[in-house]
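Engineer: Before I ask anything, let me first share the structure, which is written out below as structure tokens.
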Amino acid sequence: MILELAGSAAIASVVSLAVCGVQMRAGPVDQPDDQRKAHVVPTPTSGGVGIAIGYAVGLVALTQLFAESAPLNRQGAALVSLASAFAFVFLLIGFVDDTRPLGPRIKLLFFTLLSLAAAITMGIVDVLPVGGGQVLKVGLSIGLFGTALWVFTLVNCVNFMDGANGLAIGSAAIGLMALGVIAYVNGSHSATAMTFVAAGALIGFLIWNFPNGRLFAGDAGALFAGAIAALASLIVISRTGLSPFIPPILFMPLLADALMTLAWRVRHRRKLLIGHQEHLYQIAMRSGWSHARVSLVYWAAMALCGALGFLLSQSTDVRAPWVALVALAGLALATSILVRKYARAHGLL
């Protein structure tokens, strides 16, 4: 199974690399016409299309080229196809937004409806393990809201963080690989296939994007990567009993920066539906950090969270995941406060 997954991921990476190379010459271009944008010259964008094509070809290879030993049965293949269909719809919305920007309200409506539909289809999380043999049953309505909120939040957070070469897509790839390892160990072949093939496709794109930003993923790529991560998480949770607190740990660096920034903007009565340059990674770049340095720091944080998430997934202490998540949230809050205090003192915010 490992060889089949590796081969499919490699195929996804090569196809993504090739298609993205074509897109650099024939795809839409992102103009530096907004103060919040970090680039200063027109740059090809919507590399997410290449990522998605690489992902699709990788999955086909897994089910066709390796048919005799493929880890997916008919039911697993159907589940992957359904989850991927939702991700492709997110991709389509992102591609349209890359070529002809959509208004924030219409995107909010589309994302909300898609997130609700995905939650219902992939599996509603309505039971939270709290330890001591106890579980918190939140009920169907709250479970549906919470599950849809997870999809909505992760998809948007990956998109919000796509402002430095390699940051969002590289971080998503690391989170997907960590989730894939957890899925593999716990026997969720469908989620394992999705995560490793998607990570391979993201790596193919990164060759063009990191560190010099020759091609951007665009909203298409960021939304697609976030959707795959969110939906694969739901599959692992519903099929293996993984604690719902572990996926947020795996993607904590992306979630923390985006959500803490939104909270800061709410506190200071800033409008939430307009672009800005108030994320921690943007502050770091304004202080003189290069795109590469910023991305590498986030990648390291993602790797640490991935390792922690894996260890927690193997722990018999049911309380450990939510305790760790609370601790990480506290660390994120402290980091946000300190960085913003420094930024205001030095005129960076």
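The values are calculated or read from the model by the stated rules, or taken from the named source; none is laboratory data. Since this is a predicted model, take the numbers as computed values, not measurements. Counting neighbours? That spans all protein chains shown, and the Cβs are built from the backbone with ideal geometry, glycine included. Note: accessible area is taken over every heavy atom of the protein model, side chains too, but ligands, DNA and RNA are not part of it. Shrake-Rupley method; radii C 1.70, N 1.55, O 1.52, S 1.80 Å.
Engineer: Take the Cα atoms of the range 265-328, find their three principal axes, and give me the spread along each one in whole Å, biggest first.
Structural biologist: 43, 31, 16
Engineer: Once you mark the trypsin sites (Lys or Arg not before Pro) that are in a DSSP loop and have at most 16 other Cβ atoms within 10 Å, what is the longest gap between them in the chain?
Structural biologist: It runs 38-213.
Engineer: In addition: Find the accessible area per residue for the chain; the probe is 1.4 Å, ligands and nucleic acids are left out, and the unit is Å².
Structural biologist: Per-residue value: 45 Å².
Engineer: Another question, if that's okay. Test of understanding: express the Cα radius of gyration of the range 48-163 as a ratio to 2.2 N^0.38 Å, with N the residue count.
Structural biologist: It is 1.29.
Engineer: Still on this structure, please answer the following. Projecting each Cα onto the charge dipole of the chain (Lys/Arg +1, Asp/Glu -1 at the beta carbon, about the Cα centre), which of 148, 230, 10 comes out farthest on the positive side?
Structural biologist: After comparing all options, I get 148.
Engineer: For the chain, calculate the relative contact order in percent as a whole number, restricting contacts to Cα pairs under 8 Å that are 6 or more residues apart.
Structural biologist: 23
Engineer: Next question, about the same structure. Just want to confirm a number: the relative contact order over the range 102-147, from Cα pairs under 8 angstrom separated by 6+ residues, in percent.
Structural biologist: 35
Engineer: Let me ask another. In whole percent, how big is the carbon plus sulfur part of the accessible area of the chain, probe 1.4 Å, protein atoms only?
Structural biologist: Taking all protein chains in place, the chain shows 66 percent carbon and sulfur surface.
Engineer: Quote the convex hull volume per residue of the range 74-131, based on C-alpha atoms, as a whole number of Å³.
Structural biologist: Hull volume normalised by residue count: 112 Å³.
Engineer: Using alpha carbons only, what's the Rg to Rh ratio of the range 126-178 with Rh from Kirkwood?
Structural biologist: Here Rg/Rh amounts to 1.17.
Engineer: Something else about it: Count the lysine pairs in the chain whose Cα atoms lie under 29 Å apart, taking only pairs 8 or more positions apart in sequence or on different chains.
Structural biologist: Number of lysine pairs found: 5.
Engineer: Sticking with this one: Divide by every residue of the chain the summed helix terms, -39500 (n - 2.57) for each DSSP H run of at least 4, and state the resulting mean residue ellipticity at 222 nm, rounded to the nearest 500 deg cm²/dmol.
Structural biologist: When only DSSP H runs of four or more count, the value is -24500 deg cm²/dmol.
Engineer: Next question, about the same structure. Between residue 207 and residue 317, take the C-beta separation as r, use R0 = 56 Å, and let me know the FRET efficiency to the nearest 0.05.
Structural biologist: 0.90
Engineer: With contacts defined as alpha carbon pairs under 8 Å and 6 or more residues apart, what's the relative contact order of the range 226-315 in percent?
Structural biologist: Relative CO of the range 226-315 lands at 40 percent.
Engineer: When Rg is the radius of gyration of the Cα atoms in the chain and Rh is its Kirkwood radius, what does Rg/Rh come to?
Structural biologist: Value, to two decimals: 0.95.
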